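Engineer: For reference, the structure I am asking about is given below.
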Amino acid sequence: MTLILGGARSGKSLHAERLIEACPAPWLYLATAQAWDDEMRERIALHRSRRPAGWITRDVPIDLPEVVAASDGPVLVDCLTLWLTNLILSEAGIEAATVALIEACDRAPGPVVLVGNEVGLGIVPDNALARRFRDAAGRLHQRLAARADHVVFMVAGLPMIVKPQPGAAA
């Protein structure tokens, strides 16, 4: 399992796609975004348009652990923080969903690359919902990073290795 974190437009998704494309196709892209408005529809279309043939895209706004568990090849999850947003807004149990996702990643037969937005580097949000989200994202990322084989932090399109792959030179 690889966890890729970074800020907005840091190159997370493109780096994740390249890692998965190094594996034999077909590649499963699990998209957690929901197209609530035209701007989001454009973002989703841009992401889809840059992926070559060989990608199978499934929209998974909530049931991410179940789909990861049922996968049979390389999987890219983009993104954890949108999934977390969907869980919070649907009032789903974040703890149970986190445990289920970790277990699904542990059992997945192929590589799993998870993408998330690092949101804890800025100021403390001014409202309770935003603080709840920021704290939940930090906890989710910490738990996944502890289990991940490889953790990358993206800055300006450059991968910074936080947790090297097993056997890789540090």
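Engineer: Could you please report the charge total around Glu17, scoring K, R as +1 and D, E as -1 over all other residues with beta-carbon less than 9 angstrom from its beta-carbon? Walk me through the numbers on the way to the answer.
Structural biologist: Numbers: positive: Arg18, Arg50, Arg51; negative: Glu21, Asp78.
That works out to +1.
Engineer: Ok, one more. Per-residue HN-Hα couplings for region 94-111, Karplus 6.51 cos²θ - 1.76 cosθ + 1.60 at θ = phi - 60°, whole Hz, x for Gly and Pro?
Structural biologist: Rounded to whole hertz, the list is 5, 4, 5, 5, 5, 4, 5, 5, 4, 5, 5, 5, 4, 8, 4, x, x, x.
Engineer: Right, next: Using alpha carbon coordinates only, what is the Rg to Rh ratio of the chain, with Rh defined as the Kirkwood radius? Intermediate results must be reported in sequence, preceding the final value.
Structural biologist: Working: Rg = 15.2 Å, Rh = 16.3 Å.
Taking Rh as the inverse mean 1/r over Cα pairs, Rg/Rh reads 0.94.
Engineer: What net charge do the residues around Phe153 carry, taking every other residue with its C-beta under 13 Å from that of Phe153, with Lys and Arg at +1 and Asp and Glu at -1? Let's see the in-between values first.
Structural biologist: Details: positive: Lys12, Lys163; negative: Glu118.
Here the charged neighbours net out to +1.
Engineer: Given that compact globular proteins tend to follow 2.2 N^0.38 Å, what is the ratio of the alpha-carbon Rg of region 71-165 to that value? Intermediate results must be reported in sequence, preceding the final value.
Structural biologist: Values: Rg = 14.0 Å, N = 95, 2.2 N^0.38 = 12.4 Å.
In units of the 2.2 N^0.38 Å rule of thumb, it is 1.12.
Engineer: While we're here: Give me the one-decimal nm value for the distance between modelled label points at Ala53 and Arg134, 7 Å along each residue's Cα-to-Cβ direction.
Structural biologist: Output for this residue pair reads 4.7 nm.
Engineer: Helix-only mean residue ellipticity at 222 nm, the chain, DSSP H runs n ≥ 4 weighted -39,500 (n - 2.57), per residue, nearest 500. What is it? Numbers along the way, then the final one.
Structural biologist: Values: 6 runs with 73 residues, N = 170.
Result for the chain: -13500 deg cm²/dmol, rounded to the nearest 500.
Engineer: Same structure again: Once phi is turned into ³J(HN,Hα) by the Karplus curve 6.51 cos²θ - 1.76 cosθ + 1.60 with θ = phi - 60°, what whole-Hz value does each residue of region 68-80 show in order, with x for glycine and proline?
Structural biologist: The phi angles translate into 4, 4, 8, 6, 9, x, x, 10, 10, 10, 9, 9, 5 Hz.
Engineer: Return the long-range amide H neighbours of Leu3 (sequence gap of 5 or more, or a different chain), with a cut-off of under 5 Å between placed amide H atoms.
Structural biologist: When sequence neighbours closer than 5 places are left aside, the close amide H contacts are Leu114, His150, Val151, Val152.
Engineer: Taking only C-alpha pairs under 8 Å that are 6+ residues apart, what is the relative contact order of region 21-160 in percent? Before the final figure, lay out each step's value.
Structural biologist: Working: 171 pairs, mean separation 32.7, N = 140.
It comes to 23 percent, rounded to a whole number.
Engineer: Antiparallel as a % of all DSSP beta bridges within the chain, to the nearest 5? Numbers along the way, then the final one.
Structural biologist: Numbers: 5 of 28 bridges.
Bridges in the chain are about 20 percent antiparallel.
Engineer: Still on this model: Using r as the Cβ-Cβ distance of Ala156 and Asp126, and R0 as 22 Å, what FRET efficiency do you calculate, to the nearest 0.05? The partial results should precede the final answer.
Structural biologist: Working: r = 28 Å, r/R0 = 1.26.
The pair Ala156/Asp126 has a calculated efficiency of 0.20.
Engineer: Using θ = phi - 60° and the Karplus form 6.51 cos²θ - 1.76 cosθ + 1.60, what ³J(HN,Hα) does each residue of region 146-154 get, whole Hz, x for Gly and Pro?
Structural biologist: In residue order, the calculated couplings are 5, 8, 5, 7, 8, 10, 10, 10, 8 Hz.
Engineer: Related question: Calculate, in nm to one decimal, what Leu46 and Ala92 gain on full extension: separation in residues at 0.36 nm each, minus their alpha carbon distance.
Structural biologist: Numbers: separation 46, 0.36 × 46 = 16.56 nm, distance 2.92 nm.
Length gained, Leu46 through Ala92: 13.6 nm.
Since every read-out is calculated from the coordinates, none of them should be taken as a lab result. What you see is a predicted model, and the numbers here were worked out from it, not measured in a lab. A quick note on method: Cβ atoms are made from the backbone with ideal geometry, for glycine too, and the neighbour counts reach across all protein chains shown.
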